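These notes are about the structure you will find just below.
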Amino acid sequence: MPLTGRKTLTQYLIEERRRFPEASGDFNALILDVAMACKAIARAVAFGALGDVLGNHAADAQGQGGSVNVQGETQKKLDVVSNEYFLRITEWGGHLAGMASEEMDAPYQIPETYPRGKYLLVFDPLDGSSNIDVNVSVGSIFSVLRAPAAEEREVTEADFLQPGTQQVAAGYALYGPTTMLVITVGNGVAGFTLDPNLGEFILTHPDLSVPADTQEFAINASNSRFWEAPVKRYVDECLAGKTGPRGKDFNMRWIASMVAEAHRILMRGGVFLYPRDNRPPPNGAAHRSPQGAGLLGSGPAPAQDATNPGRLRLLYEANPIGFIMEQAGGRASTGRVPMLGVQPEGLHQRIGLVFGSKHEVERIERYHAEPA
Ligand code: AHG
Ligand code: MN
Ligand code: MN
Ligand code: MN
């Protein structure tokens, strides 16, 4: 008899596993370990500056960590703490051959004391870090790949460079008014709500799907002067509202926590854009002057290779969220081609990302396909 009339994450995974009689249970155990890491992060996020009941670790959950990660970002303490939780809670189980994350330059090798497993775990331990000190929802994102069979125990960066279609599972935790875990194991998308009293993720959204149409878009409009023409056209048309070519009004949202945007889009539809653009390269190299001033500038940027590949990372942001969106009947794209088909070239590769309601993503791809 299911607990409280609803299924736990464990029950959902076991029932999903029955589709594969030969399954060993390794995969389920890994997902449950990831869920445990997310519960630990949820607790750290919830206690914020309080730390534990004695005030210990108060310094762990907020504020700058002082170090700079491979992305060139100053790490928040919770970036580092969350990364540690993922490593410590998943490395021992014998399910993993290695791990990679936003917060680690190189792949993480499983300590010799633990058996080597057959999966790779790639994760963004804390997504939306800039929101943590201002108490806005943040999340964690994870992706599970198969580890290539190999004699030697060490994993290499190349082992992780698999297209998104190779993912066997993906998900996110959202640390919001409620803590939720949303996952796909390749058979649709399920949402679980953490019951803080039980410490269990309970199945509350068994079959999430993204509406194909929407009147809500999400983009950081402060970058508009760097956008390429197809993006500018798409946003201008949304802003023109019902008197413009779309014939309907649009609403805009931007939370700066992609997990929160993704969840909103899963729940009610929408489209998220963090496109590649023509922002000057950080090293100040010579670049084409950005077009126009103000919110939407005047005149589209001429078509050419963008100077900025995009902000979001392919392996542990775009691909897992993309897998979830596609499994929920939505679409994920670079703006030009399907995201999950992209062949990764680097562990921390950045890429333009557009995802959400199918018809909107298809429209944005059409605009990119039209001659400049
Ligand atoms: P992270 O905190 O893991 O570095 O990712 C933050 C990402 C994503 O969550 C969000 O949509 C985007 O950065 C916000 O970027 P801007 O601050 O440029 O709006
Ligand atoms: Mn992130
Ligand atoms: Mn992050
Ligand atoms: Mn970051």
Checklist entry - Could we say that Ala240 is away from ligand 4 (no atom under 16 Å from the Cβ) and at pLDDT below 95 here? => result no
Checklist entry - Hey, among the residues in the range 333-346 that are surrounded by fewer than 23 Cβ atoms within 10 Å (Cβ to Cβ) and within 23 Å of Arg279 (Cβ to Cβ), which one's nearest to the chain's Cα centre (by Cα)? => result Thr334
Next on the checklist: What's the number of the only condition in (1) assigned to a helix (DSSP H, G or I); (2) within 16 Å of ligand 4 (Cβ to nearest atom) that Ala100 fails to meet?
Outcome noted: (1)
Checklist outcome for this item: Filtering the range 352-372 down to residues that are under 18 Å from Thr165 (Cα atoms) and touching a Pro at 6+ places or on another chain (Cβ under 6 Å) yields Gly352
Checklist entry - Within the range 50-72, is there a residue that is more than 16 Å from ligand 1 (Cβ to nearest atom) and under 25 Å from Thr184 (Cα atoms)? => result no
Checklist entry - Residue check: is Val80 within 16 Å of ligand 3 (Cβ to nearest atom) and surrounded by fewer than 21 Cβ atoms within 10 Å (Cβ to Cβ)? => result yes
Next on the checklist: Tell me yes or no: at least one residue of the range 200-218 is within 16 Å of ligand 2 (Cβ to nearest atom), surrounded by 14 or more Cβ atoms within 10 Å (Cβ to Cβ) and within 16 Å of Ile364 (Cβ to Cβ).
Outcome noted: yes
Checklist entry - Where residues in the range 9-37 are of a type in the set (Val, Ile, Thr) and either surrounded by fewer than 19 Cβ atoms within 10 Å (Cβ to Cβ) or in contact with a Lys or Arg (Cβ under 6 Å, 6 or more places away or on another chain) (or both), which of them is modelled with the highest pLDDT? => result Thr10
Next on the checklist: Within the range 120-142, does at least one residue satisfy the condition of being more than 16 Å from ligand 3 (Cβ to nearest atom), in contact with a strand residue (DSSP E or B) (Cβ under 9 Å, 6 or more places away or on another chain) and closer than 22 Å to Lys39 by Cα?
Outcome noted: yes
Checklist outcome for this item: By residue number, the members of the range 135-154 that are loosely packed, with under 14 Cβ neighbours inside 10 Å and of a type outside the set (A, V, I, L, M, F, W, C) are Asn135, Glu151, Glu152, Arg153, Glu154
Checklist entry - Only one residue in Phe142, Phe160 is within 28 Å of Gly94 (Cα to Cα), touching a helix residue (DSSP H, G or I) at 6+ places or on another chain (Cβ under 7 Å) and within 16 Å of ligand 4 (Cβ to nearest atom). Which one? => result Phe142
Item to check | Near pairs, Cβ below 8 angstrom, 6+ apart or cross-chain, from the range 221-233 (under 14 Å from Asp305 (Cβ atoms)) to any residue that is part of a strand (DSSP E or B) and within 12 Å of ligand 1 (Cβ to nearest atom) | outcome: Phe226/Asp277; Phe226/Asn308; Glu228/Asp277
Checklist entry - Taking the range 104-134, which residues are more than 10 Å from ligand 2 (Cβ to nearest atom), buried (at least 23 other Cβ atoms within 10 Å of the Cβ), under 19 Å from the mean Cα position of the chain (by Cα) and not in a strand (DSSP E or B)? => result Ile132
Next on the checklist: Being among the basic types (Lys, Arg), buried (at least 17 other Cβ atoms within 10 Å of the Cβ), modelled with pLDDT of 95 or more and farther than 15 Å from Val231 by Cβ narrows it down to one residue among Arg253, Arg313; which is it?
Outcome noted: Arg313
Checklist entry - Do any residues in the range 316-344 that are under 19 Å from Val144 (Cβ atoms) have Cβ atoms under 8 Å from those of residues that are hydroxyl-bearing (Ser, Thr, Tyr) and assigned to a helix (DSSP H, G or I), where the two are at least six apart or on different chains, and which pairs are they? => result Leu340/Thr165; Gly341/Thr165
Next on the checklist: Let me spell it out: the conditions are (1) in a helix (DSSP H, G or I); (2) over 21 Å from the mean Cα position of the chain (by Cα), and Val259 meets all of them except one. Which number is the exception?
Outcome noted: (2)
Checklist entry - Does Ser143 satisfy the criteria of being within 16 Å of ligand 1 (Cβ to nearest atom) and within 22 Å of Leu347 (Cβ to Cβ)? => result yes
Next on the checklist: What are the pairs with Cβ atoms under 8 angstrom where one residue, in the range 62-91, is closer than 16 Å to Val122 by Cα and the other, located anywhere, is β-branched (Val, Ile, Thr) and within 13 Å of ligand 3 (Cβ to nearest atom)? Sequence gap at least six, or different chains.
Outcome noted: Ser82/Ile41; Tyr85/Ile41
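The values are calculated or read from the model by the stated rules, or taken from the named source; none is laboratory data. Because the structure is a prediction, the values reported are computed rather than measured. Using ideal geometry, Cβ is built from the backbone for each residue, glycine included, and neighbour counts are taken over all protein chains shown.
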